[in-house]
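Have a look at the structure below, then the notes.
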Amino acid sequence: MLFRTSILSTLAILAIVNVAHAGLSITKATKDATVVNSVLKTCKACPKSECTRCTRGYEDTLDISSNPNANPKLKSTHRALIGFRLPDVPVYEIEACYLEFPDFIRARNSPIELKFAFTDSDWDEDKVDGRNAPDLTFPFKRVEVEAGSKNIGLVDATVACTQGEVNGEFSIYIEAADGSIKLPSRDAGYPAVLHVITREIDYEFHN
């Protein structure tokens, strides 16, 4: 099962956040891509065979990998870049945000640490590559995925979604400290999901 049911996700999230009169909005990723950072010139399908020139925004998978101990001449990383647009709610009413991802294409046999970073949404799926992708602006979460796990689990992204652009857009990077995983992508029909919890604001007016 690539996603938990919406009911189970909703119950899990509302159990985490204890807010009176809380509301929950669910929105799907608007775009995603794999960004390759590599000095290698072994990607024959890419322009000039340079891996960093590959545009991988319309593939069925998101690749996340790192080999930090590799020879610098062989070092290569793959990051998932995912864009979201917040639902039409004022930022000051946002109590919390949680990210949910589809199951891994293949469960890992060993633990893996994943790092999440906030970035801007000035990129397009058909153009983004390792040379023009946005910078990792603000790391906000580390998640240790246990061996045998089928998915990442809910990830608190409150800091990211409350720092988004004026139009409500923001993006995140996912990178591995070491090792690799693959996720189904938006193009495969399994976009990442953003759960936004809002609180009801009581206004008082005095003459």
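Which loop GluC sites (Glu not before Pro) in region 107-167, with loop taken from DSSP, have no more than 11 other Cβ atoms within 10 angstrom of their Cβ? It would help to have the intermediate numbers written out before the result.
Working: sites: GLU113, GLU125, GLU144, GLU146, GLU165; in loops: GLU125, GLU146, GLU165.
Listed in order of number, the matching sites are GLU146.
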Practice task
Within region 103-139, find all residues whose amide N lies under 18 Å from a label point positioned 7 Å from the Cα of VAL39 along Cα-to-beta-carbon.
Solution key: 130-131
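So if R0 is 30 Å, what FRET efficiency would GLU93 and SER180 give, r being the distance between their Cβ atoms, rounded to the nearest 0.05? Provide the component values of the computation, followed by the final result.
Working: r = 38 Å, r/R0 = 1.28.
Approximately 0.20, to the nearest 0.05.
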Handout entry: Members of LYS127/LYS150; LYS115/LYS182; LYS48/LYS182; LYS115/LYS150 lying beyond 20 Å, as alpha-carbon distances in this model show
Key = LYS127/LYS150; LYS48/LYS182
Practice task
With r as the distance between the Cβ atoms of ARG53 and LEU136 and R0 = 25 Å, compute the FRET efficiency 1/(1 + (r/R0)^6) and round to 0.05.
Solution key: 0.80
Problem - Ascending count of other beta-carbon atoms within 10 Å, so fewest first, for TYR98, TYR92 - result: TYR92, TYR98
Fill in the blank from the handout: Each label sits 7 Å from Cα toward the beta-carbon; between ILE26 and ASP124 the label points are separated, in nm, by 3.2
Practice task
Using just the alpha carbons, could you tell me how many Å³ per residue the convex hull of region 6-198 encloses?
Solution key: 118
Exercise for the section: Can you check what the net charge comes to around VAL196, using other residues whose Cβ is under 13 Å from the Cβ of VAL196 (Lys, Arg +1; Asp, Glu -1)? Expected result: -2
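Each value in this text was obtained by applying a stated rule to the coordinates, not by laboratory testing. Just so we're clear, the structure is a prediction, and the values are computed from it rather than from any experiment. Reconstructed Cβ throughout: ideal geometry from the backbone, glycine too, with neighbour counts over all protein chains shown.
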